[in-house]
Amino acid sequence: MTSAAGIVAATPDDADNLSILITARALNPGLFHVVLENGLSSHSLFRAAKPDFIGQPSVVVAGTILSRIASGMTEPFFQSLLHQDNDLARRLLARLLRHQHEQPPELTAGRISVRRTPALARALASGETVTIRQLLTDPRNRERRLPLEVIYIRRQQQDVLWPEDSMPLALGDQLLLAGRDSAAATVSAMLENDRQLAYVLTGIDKQQGWLWQWLERRAG
């Protein structure tokens, strides 16, 4: 128990699950706690116990189905994670917990392509290098990192679990991100917007529109 990274209490009995959770926390306060709530009558007790994740049968089934529909990246990510040692799992978990805020991290998948990420595709085509660190930069304040992590990349025949922030992105990359859903939406919007992406890459807030472009040419 002292060397474990987390514990899952998923018996058919809610009282047993709460007992497991409380006992495990007493033995190892640093554990990641997942608990199954079988009946809503005990919901207030489960919330008071403050586990990291509460699962309900209907929600777990629906979430599993939706994740498989939404992304083919989820299953290979977990399969790859199962082959890693506990140290890497703990470090990855610690990174994800920074973005939790009372909710488990949301998983979002996406592909870098001309159609889905046009601004990024244009930057890459022009020879610009764009890294994961830049991908996770707040387009409103480039000194701030978004509450999001790239946890898996599929590139042709190469799969990379928890890639380094310095890894350059490429057209065709499939990414699995974990963190706040709103942050993933911010990244998606940035990759479609040349102005936002240019600010992240250069720190210059380049105005758009024909008037600003004309004034910029005149100044040049």
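Observations on the structure shown:
- Restricting the range 189-217 to residues that are in contact with a strand residue (DSSP E or B) (Cβ under 7 Å, 6 or more places away or on another chain) and not β-branched (Val, Ile, Thr), the residue that is modelled with the lowest pLDDT: Gly203
- Per-region count, the range 86-124, residues hydroxyl-bearing (Ser, Thr, Tyr) and part of a strand (DSSP E or B): 1
- Total residues in the range 38-61, condition modelled with pLDDT of 65 or more, open to solvent by 40 Å² or more (accessible area, probe 1.4 Å) and small (Gly, Ala, Ser): 2
- Any hit, the range 96-112, residues being open to solvent by less than 30 Å² (accessible area, probe 1.4 Å) and over 30 Å from Ala4 (Cβ atoms): yes
- Candidates are the residues of the range 62-85 that are of a type in the set (Gly, Ala, Ser) and modelled with pLDDT under 80; the one that is most open to solvent (accessible area, probe 1.4 Å) is Ala70.
The values are calculated or read from the model by the stated rules, or taken from the named source; none is laboratory data. The model shown is predicted, which means the values in this text are computed figures rather than measured ones. Heads up, the Cβs are rebuilt from the backbone with ideal geometry, glycines too, and the neighbour counts pull from every protein chain shown. All accessible areas refer to the heavy atoms of the entire protein, side chains included, with ligands and DNA or RNA removed. Shrake-Rupley method; radii C 1.70, N 1.55, O 1.52, S 1.80 Å.
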